[in-house]
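Okay, structure first, notes after.
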Amino acid sequence: MQVKTQYPTDNLLIPQPLQPGDLLRVIAPSGALREFEALQHGVEIWRSRGYRVEVIPEIEDRWGYLAGNDKNRRNHLAAAWKDPECRGILCARGGFGTTRILEEWTWMLQTQETPNAYSPKWLIGFSDITALLWSLYKAGICGVHAPVMTTVANEPAWSIQRLFDLVEGKPLESLKGKGWGGGTVSGRLLPANLTVATHLLGTPMQPKLDGAILAIEDVGEAPYRIDRMLTQWRMSGALIKIAGVAIGSFTSCEAPKNIPSFTVEEVLRDRLDDLGIPVVSHLPFGHEAPNAALPVGVMATLDADEGVLSVNS
């Protein structure tokens, strides 16, 4: 079988592998924290691996549905990014709010011209954290689409181990789903919550999509809303640039009772199947555990005949 290799092939900065003893900081850049017990369980999982985990004192701040006002949440992200001892940023939860703090944000990196700036570090989260992950990738840095601190305790053991394997620089097992046919393609892997990614289209935070493997998931969106978002991707021309699509879980996306509707599976087929690109569905990532960790921006291979997504080593 012929494998088509798509561009871009530009360099990507991958943070140095973590090791036990490293300091990680928990911040809440998005929605207001509600799952306090779940957060503690998440902290315990990371600490059990030997990491030092520091939770910011303002973790319980609230401003409406947000975990504090935009300035404070932006400052928490900046403080973690600038701290030379902090090796990774663990997001407490998703919700909504990260796009707001990106309105006045630049990822500061260490270069020959700016030797006093900051070296890359791991950023871990999913759902609304998609906005941070995609903007980080656009800056040329790999982040991790993976469980947030309030959901990681719900993951099966293999999924938790996969997350540690990823940030500790170990190879990742391929993920198995349901292939739709269409051959095999390689490209940059861009995992995302579909709703958040849709609202990044046409903004400065939209990364280059040419030749990418788009990996999508969502929660709580009725089929007609999924239809509307994918139609926007089609009409904007964004899907024309995509090399392949990897579909995770679409949790609680059923149609309202007693209202005529397609199923979400029917919508996905209708909006994606005619693109003539490899598609694999039923992959184990998204809001419903398991939420397998996926690196953002690395080269990956999607085999739509065998139904396999592999991160290239």
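Which whole-Hz couplings ³J(HN,Hα) result when phi for each residue of the range 12-24 is put into the Karplus expression 6.51 cos²θ - 1.76 cosθ + 1.60, θ = phi - 60°, listed in order with x for Gly and Pro?
For the range 12-24, the Karplus curve yields 10, 7, 10, x, 4, x, 6, 8, x, x, 5, 8, 10 Hz.
What is the chain's relative contact order, in percent, from Cα pairs under 8 angstrom and six or more apart in sequence? Provide the component values of the computation, followed by the final result.
On the way: 709 pairs, mean separation 66.7, N = 313.
That works out to 21 percent.
With each pseudo-label sitting 7 Å past Cα toward Cβ, what's the ASN312-GLU173 distance in nm, one decimal?
2.4 nm
Quick one: putting +1 on the C-beta of Lys and Arg, -1 on the C-beta of Asp and Glu, what dipole do you get for the chain around its Cα centre, in Debye to the nearest 20?
The calculation lands at about 420 debye.
So, with +1 on the Cβ of K and R and -1 on the Cβ of D and E, and no other charges, what is the size of the charge dipole of the range 237-313 about its Cα centre, to the nearest 20 debye?
For this selection, approximately 280 debye.
Under a 1.4 Å probe, what is the accessible area of the chain per residue, stated in Å²?
Per residue, the chain has 44 Å² of solvent-accessible surface.
Determine the order of MET205, MET229 by accessible area, beginning with the largest, at a probe radius of 1.4 Å. Intermediate results must be reported in sequence, preceding the final value.
Values: MET205 45, MET229 15 Å².
From most exposed to least exposed: MET205, MET229.
When the helix-only estimate is applied to the chain (DSSP H runs of n ≥ 4, each -39,500 (n - 2.57), divided by the residue count), what is the mean residue ellipticity at 222 nm, nearest 500 deg cm²/dmol?
Values: 9 runs with 82 residues, N = 313.
Only helices count here, giving -7500 deg cm²/dmol.
Mind listing the long-range amide H neighbours of VAL55? Cut-off is under 5 Å, sequence gap 5 or more, other chains count too, H placed in the peptide plane at 1.01 Å from N.
The list, which skips near neighbours in sequence, is VAL26.
If the cut-off is a Cα-Cα distance under 21 Å, which lysines reach LYS178, setting aside same-chain residues fewer than 8 apart in sequence?
Excluding near neighbours in sequence, the set is LYS4.
Once the Cβ-Cβ distance between ARG234 and ALA255 is put in as r, and R0 is 25 Å, what FRET efficiency do you end up with, to the nearest 0.05? Provide the component values of the computation, followed by the final result.
Numbers: r = 21 Å, r/R0 = 0.85.
That pair, ARG234 with ALA255, gives E of 0.75.
Report, to the nearest whole %, how much of the accessible area of the chain belongs to carbon and sulfur atoms, 1.4 Å probe, protein only.
Values: 6910 of 13770 Å².
That share works out to 50 percent.
Taking H as built 1.01 Å from N, whose amide H comes closer than 5 Å to the amide H of LEU66, not counting residues under 5 places away?
So LEU66 has HN proximity to ALA32.
Out of HIS287, LEU189, PRO256, whose Cα points farthest toward the positive end of the dipole of the range 175-313 (charges: +1 Lys, Arg; -1 Asp, Glu; placed on Cβ)?
LEU189
Enumerate the calculated ³J(HN,Hα) couplings along the range 204-212 in order (Karplus 6.51 cos²θ - 1.76 cosθ + 1.60, θ = phi - 60°), each rounded to whole Hz, writing x wherever the residue is Gly or Pro.
Residue by residue, the range 204-212 yields x, 8, 6, x, 5, 9, 4, x, 7 Hz.
Let's see if you can work this out: charge +1 on each Lys and Arg Cβ, -1 on each Asp and Glu Cβ, no other charges. What is the dipole magnitude of the range 165-258 about its Cα centre, in debye to the nearest 20? Walk me through the intermediate numbers first.
Numbers: 10 positive and 9 negative charges, 59 e Å.
It comes to approximately 280 debye.
From the protein chains alone at 1.4 Å, what is the descending order of accessible area for THR98, THR263, largest first? Could the numbers behind the result be given before it?
Numbers: THR98 0, THR263 65 Å².
Greatest to least solvent exposure: THR263, THR98.
If I build a Gaussian network model for the chain, linking alpha-carbon pairs within less than 10 angstrom, which residue out of GLY143, GLY181, GLY248 has the largest mean-square fluctuation?
Taking springs between Cα atoms under 10 Å, the residue moving most is GLY181.
The values are calculated or read from the model by the stated rules, or taken from the named source; none is laboratory data. These numbers come from a predicted model, not from an experiment. Methodologically, a virtual Cβ is constructed for each residue, glycine included, from the backbone with ideal geometry; neighbour enumeration extends over all protein chains shown. Areas reflect the complete protein model, heavy atoms only, side chains present, ligands, DNA and RNA absent. Shrake-Rupley method; radii C 1.70, N 1.55, O 1.52, S 1.80 Å.
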